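The structure appears right after this line, and notes come after that.
The values are calculated or read from the model by the stated rules, or taken from the named source; none is laboratory data. For clarity, every value in this text was computed on a predicted model and none was experimentally measured. Glycine gets a Cβ as well: all are built from the backbone with ideal geometry, and neighbour counts include every protein chain shown.
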Amino acid sequence: MAGSKSKNKGKGFEREVCNFLGDLYEDSFTRVPDSGAFTGGKNAFRRNTLTEGQIRAHKGDIIPPDDWKYLNAECKNYAEFPFHRLFWNERVPLLEAWLEQTLDAADEGDVNVLFMKFNRIGRYIAFDLTTGKDFVTNRSLDYKCESGLTWRITHFEDFFALNDSAFKEICINSLK
């Protein structure tokens, strides 16, 4: 039985991000099978019986190469997003839920990123400024979520054009 249209759309974007990262870094990135907070949120208890490698393989939506042990990434593909609310410094409940989901799977020192794609608008990345404070952006905005963390949101392609080496370095070695 085929999955729902929205789940298939989400899986497709996860594959798209994995293919992009794989091509950029000439390494293997793959989506987490049956992703959905396998080790995050209410399923955090599973971490008690898993190895470090097993936890990394089920964290977020993307399984990075073995040496990228600090990447924690979620992917969201939606038809619409209320960008205007970000400019008015309003809370965006949908974004809050995505950022919370990203942090639910995070470990100390992780580079927490949220990859987003919106119909007829494009691809974006949000990164936690705790670990991403040294990333360069041309056009971006900051969003302070309810948890108190500040996230920077910028265009996906611009981000990687400016930060491809720095992103890899921090995901391998962490700054914390």
Checklist entry - Could you list, in sequence order, the residues of the stretch 93-128 that are under 13 Å from S147 (Cα atoms) and either among the β-branched types (V, I, T) or in contact (Cβ under 8 Å) with a residue 12 or more places away in the chain (or both)? => result L95, E96, W98, L99, E100, Q101, T102, L103, D104, D128
Checklist outcome for this item: Within the stretch 128-139, residues touching a helix residue (DSSP H, G or I) at 6+ places or on another chain (Cβ under 9 Å) and either among the hydrophobic types (A, V, I, L, M, F, W, C) or surrounded by fewer than 19 Cβ atoms within 10 Å (Cβ to Cβ) (or both) come out as D134, F135, V136, T137, N138, R139
Checklist outcome for this item: Among residues of the stretch 119-165 being of a type in the set (S, T, N, Q) and assigned to a strand (DSSP E or B), the residue nearest to the chain's Cα centre (by Cα) is T154
Checklist entry - In the stretch 58-99, which residues are of a type in the set (G, A, S) and under 14 Å from the mean Cα position of the chain (by Cα)? => result G60, A73, A97
Checklist entry - Hey, does the stretch 47-62 have a residue that's of a type outside the set (G, A, S) and modelled with pLDDT of 90 or more? => result yes
Checklist entry - Quick check, is T102 over 13 Å from the mean Cα position of the chain (by Cα), of a type in the set (S, T, Y) and not in a strand (DSSP E or B)? => result no
Checklist entry - Hey, among the residues in the stretch 141-167 that are among the hydroxyl-bearing types (S, T, Y) and modelled with pLDDT of 95 or more, which one's farthest from Y124 (Cα to Cα)? => result S165
